[in-house]
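The values are calculated or read from the model by the stated rules, or taken from the named source; none is laboratory data. Given the structure is predicted, the values throughout are model-derived calculations rather than measurements. Note that each Cβ is placed from the backbone with ideal geometry, even for glycine, and that neighbours are counted across all protein chains shown.
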Amino acid sequence: MPSLPPQRAAVLAFVRDRIRAGRPPSLAEIAAHFGFASRSAAHKHVQALTAAGLLEAHPHHKRGLTLPGEDTRPPLLALPVLGRVAAGVPIGADIGLDRQLWLDRGVFSLRPDYLLQVQGDSMIDDGILDGDLVGVHRSADARDGQTVVARLDGELTIKRLQRGADGIRLLPRNPAYAPIVVPPGADFAIEGLFCGLVRQG
């Protein structure tokens, strides 16, 4: 391996670790990790590492960095489709293995644990449509403003979470629907975080 300046060697190590973990970093993620002022600095490092033969760049892929000599096919995830989630009024939980899909990890912002099929149109302003398969990353915690899959009184729904002094509300992203107010003492739990979707043809 050619001798590299310390910062460029650190960029290579970071990118290599992320690739081997199954999620090549974007230029924005490289810039954020190293505190670069812009993505252009990250791009210069990537270009230099590519020119040195230490990385391969595939410009037509969102996360198109690979390691020379290693399998360059997009890493795939095997994800179970576990029933439906309401994007409207909550529906009864329909959790059972429906089927399994192999999907590119790069589709998702977080690694999903499973997929749910959306039923309803309450999240259309966030681009989540009836029939979409949404990726869900299991988590009992979520920040204010995140889109979550929540269980309320035994029923599942996907909504944007709002935490306030007066309690928790689940916000639709369609003006035709009213927010769902979570009453004190309700049987309520966050099941996971929305982390991307697959639209079925």
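Can you work out which of the residues in the range 1-17 that are in contact (Cβ under 8 Å) with a residue 40 or more places away in the chain and not in a loop (DSSP other than H, G, I, E, B) is surrounded by the most Cβ atoms within 10 Å (Cβ to Cβ)? Only one residue tops the list, namely V15.
Which one of S3, S40 is modelled with pLDDT of 90 or more and not hydrophobic (A, V, I, L, M, F, W, C)? Give the derivation first.
On the way: S3 fails: modelled with pLDDT of 90 or more.
Answer to the selection: S40.
Entry remark, the range 86-139: residues being modelled with pLDDT under 75 and either within 18 Å of the chain's Cα centre (by Cα) or surrounded by 18 or more Cβ atoms within 10 Å (Cβ to Cβ) (or both) number 2 in total. Quick check on my filter: what residues within the range 165-201 are under 20 Å from V136 (Cβ atoms) and among the small types (G, A, S)? Result: A189, G192, G196. Take the residues in the range 53-77 that are modelled with pLDDT of 90 or more and aliphatic (A, V, I, L, M); name whichever of them is surrounded by the most Cβ atoms within 10 Å (Cβ to Cβ). For the range 53-77, the residue satisfying everything is L55. Take the conditions in a helix (DSSP H, G or I) and at pLDDT 85 or above and apply them to L49. Does it pass? Against the criterion (in a helix (DSSP H, G or I) and at pLDDT 85 or above), L49 qualifies.
On inspection, L197 qualifies as within 14 Å of the chain's Cα centre (by Cα) and either outside the structural domain of R105 (by TED's automatic domain parsing) or crowded, with 16+ Cβ neighbours inside 10 Å (or both).
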